[in-house]
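Shown next, in structure tokens, is the structure this report addresses.
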Amino acid sequence: MRILVQKFGGTSVSDIDRLKMVRGKVCAELDKGYKVLVVLSARSGKTNKLIELAGRWAKKPDPAELDSLLSTGEQASIVLFSMMLKDSGIRAKSLLGWQIPILTDDSFGMARILSISKEYILKAFEDNDVLVVAGFQGVTKDGRITTLGRGGSDTSAVALAAALDSCPCDIYTDVDGVYTTDPNLCSSARKLDRVSYDEMLEMASMGAKVLQIRSVEFSKKYNVPVQVRSTFNDHPGTLVTQEDAMMESVLVSGIAYDRDQARITLCDLPDRPGVSASVFSALAENGIVVDMIVQTASRNGVTDMSFTVPKKSMEDATAIVKPLVDSFGVGIDTATNVAKVSVIGVGMRNHSGVASRTFDALFRENINILMISTSEIKISCLIEEKYVELAVRTLHDTFELDKTAE
Ligand code: ADP
Ligand code: ASP
Ligand code: MG
């Protein structure tokens, strides 16, 4: 049995006409002799509407109940699409996460997949040519519905492909593939034919929402051949794959941005062992995800410590560090009008000068850098949010990403 996983995102399932295009993509693979496991998202905007609805019924919606509510968006998509397929004479069946089951831990809203029953899927394929599985959802061992974090249907799809002996996984979306930067922000963005798992991981974690980070982690770990492509045409997409020598010869492969950043600065902290530990332990214990961290050099026994958190965590994070800040008798300063731009490329490992060119490009546009963080294959700068588009375009130009490498 040859199996292929196809995932269709929110804009691909938003109305009947689009679902007919999805049916076309499924039929094309059936004609090639594949059994097709289709993973669907909720229609675009649906998950946001459900979150908003929950917020009207409860000040702080219970996370487990919220997940049950959010999972209904995907439920509607798979049931409607299965009906459409059956109507066209295709042997199809819809499946919710708990029916397979896709077993997760109990971190509601951000659950991690623990296991997927391959046997159940293979059995279901005996009587069906297409299985239409709800993305974004799983179930705990106690039978509670969970969701996998925003954009989680990508992870459902790749995890299902991994469970099916790492069969091919095509992620269909509203752009032709993975670009050098968001094509909706920068018109000279160029589609990449291939991108390495590590670069894709950095791009996703730096804000490129075309793939959820965890889906890339899964594809790398289990060597799932992932292709990102468009639902609305037949152009070849982008292959997310193992790194090779060709990729290393390219200095920079993409620019990502993330508007979901807020900065917190603790001013004049005492410069002694244990201070950072107390601040970041308190945040971690409360489940706050910290991104960039910068501590200034000590001057007269004090330092400034700045860090960033998602915008929605800003108030909670400030409240958590407040008692510590008070006990040290120091100041706290916050900003939500910030964003992060990142330059990414495996070629950086062996070349110097990317950082200086990045800083110089931002300087030429008079964009002030508030914080910097780096990894082996990435340089990130925190800047004022109003300069995001300008920064992305100027960095894209600086590294000539509109041109194909020789
Ligand atoms: P879906 O609903 O299909 O899951 P998403 O909206 O989650 O689609 O992801 C696709 C979007 O990701 C694109 O419309 C594009 O605006 C955005 N995006 C951001 N960075 C990139 C990038 N480097 N390449 C392609 N798309 C990107
Ligand atoms: N519907 C979910 C979301 O909007 C999951 C997904 O679309 O991947 O985040
Ligand atoms: Mg998505």
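The values are calculated or read from the model by the stated rules, or taken from the named source; none is laboratory data. All values derive from a computational prediction rather than experimental measurement. Don't worry about glycine lacking a Cβ; one is built from the backbone with ideal geometry, like all the others, and counts go over all protein chains shown. Note: accessible area is taken over every heavy atom of the protein model, side chains too, but ligands, DNA and RNA are not part of it. Shrake-Rupley method; radii C 1.70, N 1.55, O 1.52, S 1.80 Å.
Note on region 204-289: dipole from Cβ charges, positive end direction compared against T238, F280, L266; the farthest Cα belongs to T238.
Only the Cβ atoms of Lys and Arg (+1) and of Asp and Glu (-1) were treated as charged; on that basis the dipole of region 91-215 about its Cα centre amounts to roughly 240 debye. So how tilted is helix 213-222 from the main axis of the chain? Cα-based, degrees 0 to 90, rounded to 10. Computed tilt is about 60 degrees. The overall shape of region 10-145, judged from the alpha-carbon gyration tensor, is oblate: a/c is not under 1.5, and a/b is no greater than b/c.
Computed from the C-beta positions of D31 and K311 and an R0 of 45 Å, the FRET efficiency is 0.45 to the nearest 0.05.
Scoring 196-205, 14-23 by mean Cβ neighbours within 10 Å over their residues and listing the highest first yields 196-205, 14-23. Look at the dipole of the chain built from charges on Cβ: of V252, W57, A161, the Cα furthest out on the positive end belongs to W57. Normalising by residue count, region 339-406 has a Cα convex hull of 80 Å³ per residue. Distance between the pseudo-spin-label points of D326 and M1 (7 Å out from Cα toward the beta carbon): 6.1 nm. Counting protein heavy atoms only, region 125-219 has 44 percent of its accessible area on carbon and sulfur, 1.4 angstrom probe.
Across region 341-349, computed HN-Hα scalar couplings (Karplus, 6.51 cos²θ - 1.76 cosθ + 1.60, θ = phi - 60°) run 10, 9, 9, 10, x, 5, x, 4, 3 Hz from first to last residue, x flagging Gly and Pro. Rounded to the nearest 500, the 222 nm mean residue ellipticity of the chain from helices alone is -11000 deg cm²/dmol, with -39,500 (n - 2.57) taken per DSSP H run of at least 4 residues.
What whole-number value in Å² describes the accessible area per residue of region 14-144 for a 1.4 Å probe?
On a per-residue basis, 52 Å².
When the P(r) of the chain is calculated, the portion above 33 Å amounts to 39% of the C-alpha pairs. Dipole magnitude for region 160-224: about 80 debye, using +1 per Lys or Arg Cβ and -1 per Asp or Glu Cβ, origin at the Cα centre.
With respect to the chain, whose longest principal axis is taken over its alpha-carbon atoms, helix 118-127 is tilted by about 30°.
Relative to one another, the C-alpha centroids of region 274-290 and region 57-120 are positioned 33 Å apart. Put simply, when 291-303, 147-159, 176-188, 105-117 are sorted by average Cβ atoms within 10 angstrom per residue, most first, you get 147-159, 176-188, 105-117, 291-303. Each Lys or Arg adds one and each Asp or Glu subtracts one; over the other residues with Cβ under 14 Å from the Cβ of T47, this totals +1. Given +1 at the Cβ of Lys and Arg, -1 at the Cβ of Asp and Glu and no other charges, the dipole of region 103-152 around its Cα centre is 260 debye to the nearest 20.
Accessible surface for region 290-392, divided over its residues, is 48 Å² per residue with a 1.4 Å probe.
Beta bridges assigned by DSSP with both partners in the chain are antiparallel in approximately 60 percent of cases. Measure nothing but the geometry: give the 0 to 90° angle between the long axis through the Cα atoms of 388-398 and the longest principal axis through the Cα atoms of the chain, rounded to 10°. On a 0 to 90 degree scale, this one is about 90. Working from the Cα coordinates of region 113-271, the gyration tensor eigenvalues give, after taking √(5λ), semi-axes of 30, 23, 15 Å in decreasing order. Taking label positions 7 Å along the Cα-Cβ direction at both Y222 and R272, the computed distance is 5.1 nm, reported to one decimal.
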